[in-house]
Structures are given as C-alpha cells and as structure tokens.
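Written below as structure tokens is the structure these notes are about.
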Amino acid sequence: MKATAEGPVKRVSSLLVVIVLVVLVLSIAALYQAISYYGSNEVGMGSWFLFLGITGVALSSYMILQTRRRGVRLPFEPPKVITTIICEKCDLKNIRDFQRGDYIFKETEVCPKCDEKMLISAIYREVKEKEKS
Ligand SMILES: [Zn+2]
C-alpha cells in the first residue's frame with residue numbers, strides 16, 4: 001500500500017536528478033568555454049559563457065533544493081487512514097484504506113474463508129516515519 005503512494009514521487013525526483021545533471025554538465029562546459037574565450041582575449045564571449053555557466057550551476061542547485069523540500073513536505077500529505085477488518089469466526093484479519101461510513105464494529109464484507117460477515121475492529125491513522133503534525 002505504501003509502495004503505490006510513493007512510486008510516482010520517486011519517478012519524478014529521479015527525472016529531476018537527470019535534468020539537474022544535464023544542466024550541471026552543460027554549465028560546466030559553458031564555464032570551460034568561458035575560460036578558453038578569456039584565454040584568447042575574447043572577453044565579451046567569455047563573460048557570456050561565464051554568465052551561462054553560473055546561471056546553470058545556480059539553477060541546478062536551486063532544483064536540488066526544491067527536491068529536498070519536496071522530500072520534507074511529504075509527511076504533510078493527508079494522513080492515510082487504515083481500517084482493520086476482522087472475522088470473529090476464523091480470526092482472519094484484513095486491512096484496507098478507510099472508506100466513508102466506516103465505523104468500529106460495523107459489519108462489512110463477507111469473509112473469504114468462512115462466508116461470515118466481518119467486523120471493523122479498528123480505524124487508525126497510518127503513522128509515517130518522521131511525522132510532525
Ligand atoms: Zn472467517
């Protein structure tokens with residue numbers, strides 16, 4: 001259940017890492033270009049590439065900061081509420097996401113093992129690591 005919630009986020013941040021790396025490589029190349037322009041006394045072009053390189057480095061470090069902030073923001077997502085359903089007859093335990101109208105001791109779905117009605121035994125908020133709220 002956790003994996004489905006975290007999957008897309010991970011994909012986005014890995015894409016960001018690729019973009020940041022590309023920008024970083026390009027800006028380092030621009031800086032090298034600037035040095036070679038300065039070396040051949042073309043100060044105008046040199047400062048242009050220097051500006052490009054610095055902007056690129058600043059942009060990629062800003063993006064890294066953004067991804068870090070995104071990681072921090074994750075615990076502030078609406079907390080997941082979990083409903084535990086139990087079969088009184090065979091003790092089969094089932095855990096699923098909270099659904100509207102769920103309350104403790106409510107009869108819900110039929111037990112897949114013994115065809116008895118199962119009861120909601122607990123409703124709780126899923127505690128994530130480093131939860132601050
Ligand atoms: Zn059962």
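Pick out the one residue from CYS114, CYS87 that is within 16 Å of the ligand (Cβ to nearest atom) and out of contact with any strand residue (DSSP E or B) (no Cβ under 6 Å at 6 or more places or on another chain). Steps first, please.
Numbers: CYS87 fails: out of contact with any strand residue (DSSP E or B) (no Cβ under 6 Å at 6 or more places or on another chain).
Every option except CYS114 fails the conditions.
Close contacts from the range 84-103, counting a first residue that is free of Cβ contacts under 8 Å to residues at least 40 places away in the same chain and a second that is among the basic types (Lys, Arg) and in a loop (DSSP other than H, G, I, E, B), with Cβ to Cβ under 7 Å and a gap of 6+ residues or different chains, come to CYS87/LYS113; CYS90/LYS113; LEU92/LYS113. Of all residues being among the acidic types (Asp, Glu) and exposed (fewer than 14 other Cβ atoms within 10 Å of the Cβ) in the range 90-111, which is nearest to the ligand (Cβ to nearest atom)? Just the residue, please. Among those residues, the one meeting the criterion is ASP91.
Would you check if there is a residue in the range 63-77 being in contact with a Lys or Arg (Cβ under 9 Å, 6 or more places away or on another chain) and at pLDDT 90 or above? The answer is no; no qualifying residue exists. Regarding the range 94-103, can at least one residue be identified that is modelled with pLDDT of 90 or more and of a type in the set (Lys, Arg)? Yes: the range 94-103 contains one or more residues that are modelled with pLDDT of 90 or more and of a type in the set (Lys, Arg).
The values are calculated or read from the model by the stated rules, or taken from the named source; none is laboratory data. Just so you know, these numbers come straight off a predicted model, no measurement behind them. Glycine gets a Cβ as well: all are built from the backbone with ideal geometry, and neighbour counts include every protein chain shown.
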